[in-house]
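Accompanying notes for the structure given below.
Quick note: the coordinates plus some simple rules give every number you see, no bench work behind them. This is a predicted model, so every value here is computed, not measured. Positions of Cβ are backbone-derived with ideal geometry, glycine not excepted, and every protein chain shown enters the neighbour counts.
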Amino acid sequence: MLLGISTIFIGIPIIPKLMIFNNSTYFVYYIICLLIGGVAVVSANIPMSIIIQRETPDNIRGRIFGLLETLCIGISPIGLILSGLLIEKIPVYILPILSGIAMIILTVKMASNDEIKTI
């Protein structure tokens, strides 16, 4: 949820009517947004890695982590291509705002799932 909020805040200053500050103010603002997003990613990835290590048998753990890393790296170009195509069609500031809203919706939906709560 924190990552979604941070992503929304990344898109807000790009809105043309809100561009009233100087570059150094935006620089500090984006550092804070990215710091919050980084904390959110780390706070999600560490517990996920611990759960995978505990639940995966020793003989296939390397394969599981290799597959997970391949999927994470392999999906990045798809996201870049998709965002490039969307930026041609919609204003630039809307994309991070919509992405943040989508992340928040997915987080709330996953948090209400009983199977995920038991993990």
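Here are the numbers for this structure:
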| read-out | value |
| --- | --- |
| Global geometry of segment 60-119, whether rounded, prolate or oblate, following the gyration tensor of its Cα atoms and the 1.5 cut on a/c | oblate |
| For segment 98-112, Karplus couplings with θ = phi - 60° (6.51, -1.76, 1.60), whole Hz, Gly/Pro x | 5, 5, x, 5, 5, 5, 5, 4, 5, 5, 5, 5, 5, 5, 8 |
| Dipole moment magnitude, nearest 20 debye, the chain about Cα centre, only Lys, Arg, Asp, Glu C-beta charged | 160 |
| Neighbourhood charge, 13 Å Cβ-Cβ cut-off, centred on Glu69 and excluding it, Lys, Arg +1 and Asp, Glu -1 | +2 |
| Relative contact order (%) - segment 1-106, alpha-carbon pairs under 8 angstrom, separation at least six | 60 |
| For segment 68-82, Karplus couplings with θ = phi - 60° (6.51, -1.76, 1.60), whole Hz, Gly/Pro x | 4, 5, 4, 5, 5, 6, x, 7, 4, x, 5, x, 5, 5, 4 |
| Using θ = phi - 60° and Karplus 6.51 cos²θ - 1.76 cosθ + 1.60, couplings along segment 27-40 (whole Hz; Gly, Pro as x) | 4, 5, 4, 6, 4, 5, 4, 5, 5, 5, x, x, 4, 5 |
